[in-house]
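So the structure is just underneath, and the comments pick up after that.
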Amino acid sequence: MDTIEKVLEEVLTMDSIGNSNEIVLYNDDVNTFDHVIETLVRVCSHTSEQAEQCALIVHYKGKCTVKTGLLDELKPQCSLLLEAGLSAEIV
């Protein structure tokens, strides 16, 4: 049992290191909820429910992590969000 737990712990640690980047979406006074939701579905492959929840969090909290992953995967997605007029950055 100890060996299995140690291996599992090492795998989980490696996964969390590899996915340490996030796209954070910020609130603005320009974009509509529909535009934000449609863009998150298209760019980040969110379900419409997930995109709606993110849009509400951004509206009420000012920001929301909308995607996590490797930097190489997040860069083009963040660029597409910016091209769509949304305020986002990779942290």
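The values are calculated or read from the model by the stated rules, or taken from the named source; none is laboratory data. None of these values were measured; they are calculated from a predicted model. All Cβ positions, even for glycine, are placed from backbone atoms using ideal geometry, and neighbour counts span all protein chains on display. Just the protein is used for accessible areas: all its heavy atoms, side chains included, with ligands, DNA and RNA removed. Shrake-Rupley method; radii C 1.70, N 1.55, O 1.52, S 1.80 Å.
Brief remarks follow.
- In region 19-30, the residues that are of a type in the set (D, E, K, R) reach residues that are open to solvent by 70 Å² or more (accessible area, probe 1.4 Å) and part of a strand (DSSP E or B) with C-beta atoms within less than 7 angstrom, at least six apart or across chains, in these pairs: Glu22/Thr68.
- Residues in region 31-53 that are free of Cβ contacts under 8 Å to residues at least 12 places away in the same chain and either touching a Leu at 6+ places or on another chain (Cβ under 6 Å) or at positive phi (or both): Ser45 alone.
- Listed here are the helices (runs of 4 or more DSSP H) enclosed by region 30-91 that have at least 1 residues being over 21 Å from Ser20 (Cα atoms) and open to solvent by less than 50 Å² (accessible area, probe 1.4 Å): 33-44, 48-61.
- For the residues Tyr60, Tyr26, the requirement of being hydroxyl-bearing (Ser, Thr, Tyr) and farther than 18 Å from Leu80 by Cβ singles out Tyr60.
- Pairs meeting the criteria (first residue in region 65-81 and over 23 Å from Gln53 (Cβ atoms), second residue at pLDDT 95 or above, beta carbons under 6 Å, at least 6 apart or on different chains) are Leu71/Asn21.
- You will find that of Ile17, Ile57, Ile23, the residue that is of a type in the set (Val, Ile, Thr), at pLDDT below 95 and closer than 19 Å to Val91 by Cα is Ile17 and no other.
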